[in-house]
1. Between a first residue in the stretch 74-99 that is buried (at least 16 other Cβ atoms within 10 Å of the Cβ) and a second residue that is in a helix (DSSP H, G or I) and modelled with pLDDT of 95 or more, which pairs have beta carbons less than 7 Å apart while being 6 or more apart in sequence or on different chains?
2. Say we look at the stretch 23-37 and pick out the residues that are free of Cβ contacts under 8 Å to residues at least 24 places away in the same chain and in a helix (DSSP H, G or I); which of these is farthest from residue 106 (Cα to Cα)?
3. For the stretch 38-69, how many residues are polar (S, T, N, Q) and either without any contact (Cβ under 8 Å) to a residue 40 or more places away in the chain or not in a loop (DSSP other than H, G, I, E, B) (or both)?
4. Looking at 135, 149, 115 in this structure, which one is in contact with a helix residue (DSSP H, G or I) (Cβ under 8 Å, 6 or more places away or on another chain) and modelled with pLDDT under 65?
Amino acid sequence: MEDFKFLYEHGINTVRIPVGWWIACDPDPPNPFIGGSLEALDNAFSWAQEYDIKCIIDLHAAPGSQNGMEHSASIDGFTDWPTSPDYISKSLPVIEFLFSRYATHSALLGIELLNEPSAATRIGNADPLELYQANIGSTNLVLDLHFYNLFDKSFVNMSAGDNVQYIYKSREGEWVNEWNVANGSQTDYENFGKAQLDVYNAASFGWCYWTLKNDMKHWDFEWNIRNNYLQLGNSTSKKSISTLGLFGLA
């Protein structure tokens with residue numbers, strides 16, 4: 001509950017809560033998973049409601065792993081979900097379970113169908129804008145984007161100032177679902193964080209920071225706030241952080 005109190009005191013209005021597919025089997029999920037995740041999610045909803053904070057449930061780990069990363073519960077880096085009709089079909093009841101349990105809860109803002117799935121094999125080059133630009137005729141639907149000035153050698157060769165300018169010139173979106181600050185002096189961190197807040201506050205569905213707490217301090221939202229690396233009140237955006245600040249809680 002103290003985490004939600006901290007978020008409320010700093011103007012954060014929403015938490016994004018990652019869950020694994022085995023939550024639908026709680027309290028007795030199959031090995032090697034352990035029970036208790038459903039109770040933890042229920043508690044999060046209760047605390048969120050108390051502090052007038054909304055929740056986005058994020059299916060972060062699908063059966064067979066959708067991306068081969070450790071946070072999707074992959075075994076030895078395997079990515080079996082995208083190519084397995086059986087695994088895909090097993091993920092749908094998880095979404096239905098979450099919907100049936102929380103759809104009428106006043107703290108629910110949305111359910112994220114799946115985090116960072118790897119693309120299936122296709123003929124020709126993939127166009128990252130293809131889905132974003134598609135007119136799929138749905139309402140109450142948001143496509144999320146994950147922005148990191150990491151994981152690409154081009155960012156390593158940029159100065160801190162170049163990275164800041166890249167944020168102002170090249171980042172945009174409807175829901176910036178994950179971002180962080182990393183690698184630089186405190187002034188560099190402050191400028192980098194401010195640039196992202198300036199830009200992401202203009203996103204039509206807000207933003208999420210990954211994550212609330214982490215052993216690596218610059219992935220740690222609370223540490224960055226307490227040590228003044230992120231200063232939520234210093235953004236030049238015309239939109240209020242208290243009304244647009246969507247936050248990722250792991």
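The values are calculated or read from the model by the stated rules, or taken from the named source; none is laboratory data. Bear in mind that the values here come from a model prediction, so they are computed numbers and not experimental data. Because the Cβ atoms are built from the backbone with ideal geometry, glycine has one as well, and the counts that use them run over all protein chains shown.
1. 91/21; 94/21; 94/24; 97/24
2. So the residue we want is 25.
3. Going through the stretch 38-69, the residues polar (S, T, N, Q) turn out to be 43, 46, 49, 65-67.
From the residues that got through so far, the ones that are either without any contact (Cβ under 8 Å) to a residue 40 or more places away in the chain or not in a loop (DSSP other than H, G, I, E, B) (or both) too are 43, 46, 49, 65.
Result for the stretch 38-69: 4.
4. Only one candidate passes the filter, namely 149.
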